Amino acid sequence: MTLIKSISGIRGTVGGCPGDNLTPLDIVKFVSAYATWLKTGAGKKKARIVLGRDARLSGEMYAKLVSATLVGLGHDVVNIGMATTPTTEIAVTAEKADGGIILTASHNPKQWNALKLLNADGEFLSAADGAQVLELAAKEDFEYAGVDELGCVVEKDYTQYHIDEVLGLKLVDKEAIEKAHLKVVVDAVNSIGGVVIPRLLKALGVNDVVELNCEPTGKFAHNPEPIPENLTQIAAKMKECHADLGIVVDPDVDRLALISETGEMFGEEYTLVAVADYVLRHTPGNTVSNLSSSRALRDITVAAGQEYNAGAVGEVNVVAKMKATQAVIGGEGNGGVIYPESHYGRDALVGVGLFLSHYVAKGKKMTELKKDYPQYFISKNKITLSPEMNVDKILEGLKKKYANEKVTDIDGVKIDFAHGWVHLRKSNTEPIIRIYSEAKDEAAANQLAEEVIATAKTLF
């Protein structure tokens, strides 16, 4: 398995040979590059860096390596232990730190891990900064600190800080949530969300919380990507205990998926749509999502008399577009809610607080609430890449084939048809071409995807 180095960080499987997997030597090399970049690129001779991790089995081992490497470069470390990705982002600004490192492979299975690198704003490195880090890693030209210049480590816990920050948001209505006497099922796939989400719910006044896979053992009870085929257990539990709704998070808790009272998925895409509906009702403004996200956000934004914009896939790209357009809410259709009133990062805790406030204000069941929104279906497919495939050639060929349609090429190729769209792009996290298509129903979305995939295969 080749290491994947992208805007989403340095990601790979645990074990194997250096350079082919995310081995201890690779951890030291890339952390050394980041620490050197802080000195040369950010001008921080002695930086303060926040370190957080999810509950992966490799997390503790890698955290020790990361911490020791940073200290060896002369930097100080604030180790917040097991923490969500958004908690780590918030901790960077709270500590007035110069950067941060999160050890998590997000939705990937347990054999994966990754280094996610943050700047002083608690946001992911830009493409330009990330490229400098990779260049330093390739050179391996590092100068470690002498014995009198070594950094130090302090340990802190930011979980309650983050929860309090969510409770303090103006649009989070704790009183209304508490009065609703909700029953909520939580599936946190045996990572840090199993600690954080139940605590948040209880702080919001939800006293009836049914916990599934909430022990943070790192031994994921199912594939951690929050998609329907992986969520049969919580679907059954919803019916069994007659809960109002279900909450599912990925291992680092930046994605939020919701389950209706029937056990059916509310739809990851509709997490952002519902939250945006609530935010727009109280604070009108622009919205942003990425090119692979549902048209439903555009539709409700336009209906509210506001402007919708799309950015390239990747949190840093969405954040850049949100800042440029002064968006009041945005995110990605994978359940990633970005609410600038809190911070510029996907945050399932913020998503929970805002969604529950919206849900109790509406006074409807989840299935009824879903019907309030434009109904679309997204089909998600992929082409596994082999070394001989020329992705750029394939995408360029598709642009020519569909030149009569509206084509966007800021991130792969997106083809907008009157009745739907298809977006093809090389994944930042896996050796595949992702192919998302959307239409008014499943059959139409699948047909769109099949047609474009068939055309793409003629270009291999």
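The values are calculated or read from the model by the stated rules, or taken from the named source; none is laboratory data. Owing to the predicted nature of the structure, the values given are computational and were not obtained by experimental measurement. Quick reminder, even Gly has a Cβ in these numbers, built from the backbone with ideal geometry, and neighbours come from all protein chains shown.
Scanning the range 100-114 turns up no residue that is within 30 Å of LYS362 (Cβ to Cβ), in the same structural domain as GLY16 (by TED's automatic domain parsing) and of a type in the set (D, E, K, R). Of all residues in the range 253-272, those satisfying the criterion of being touching a Leu at 6+ places or on another chain (Cβ under 9 Å), charged (D, E, K, R) and within 17 Å of GLU332 (Cα to Cα) are GLU268, GLU269.
Taking the numbered list (1) farther than 30 Å from GLY9 by Cβ; (2) modelled with pLDDT under 95; (3) surrounded by 15 or more Cβ atoms within 10 Å (Cβ to Cβ) in turn, LYS457 passes all entries but (3).
Specify the residue that is surrounded by the most Cβ atoms within 10 Å (Cβ to Cβ); the eligible residues are those in the range 408-426 that are of a type in the set (A, V, I, L, M) and under 24 Å from the mean Cα position of the chain (by Cα). Here the answer is VAL422.
Filtered by the rule that a residue be among the basic types (Lys, Arg) and without any contact (Cβ under 8 Å) to a residue 40 or more places away in the chain, the range 219-257 gives a lone residue, LYS239.
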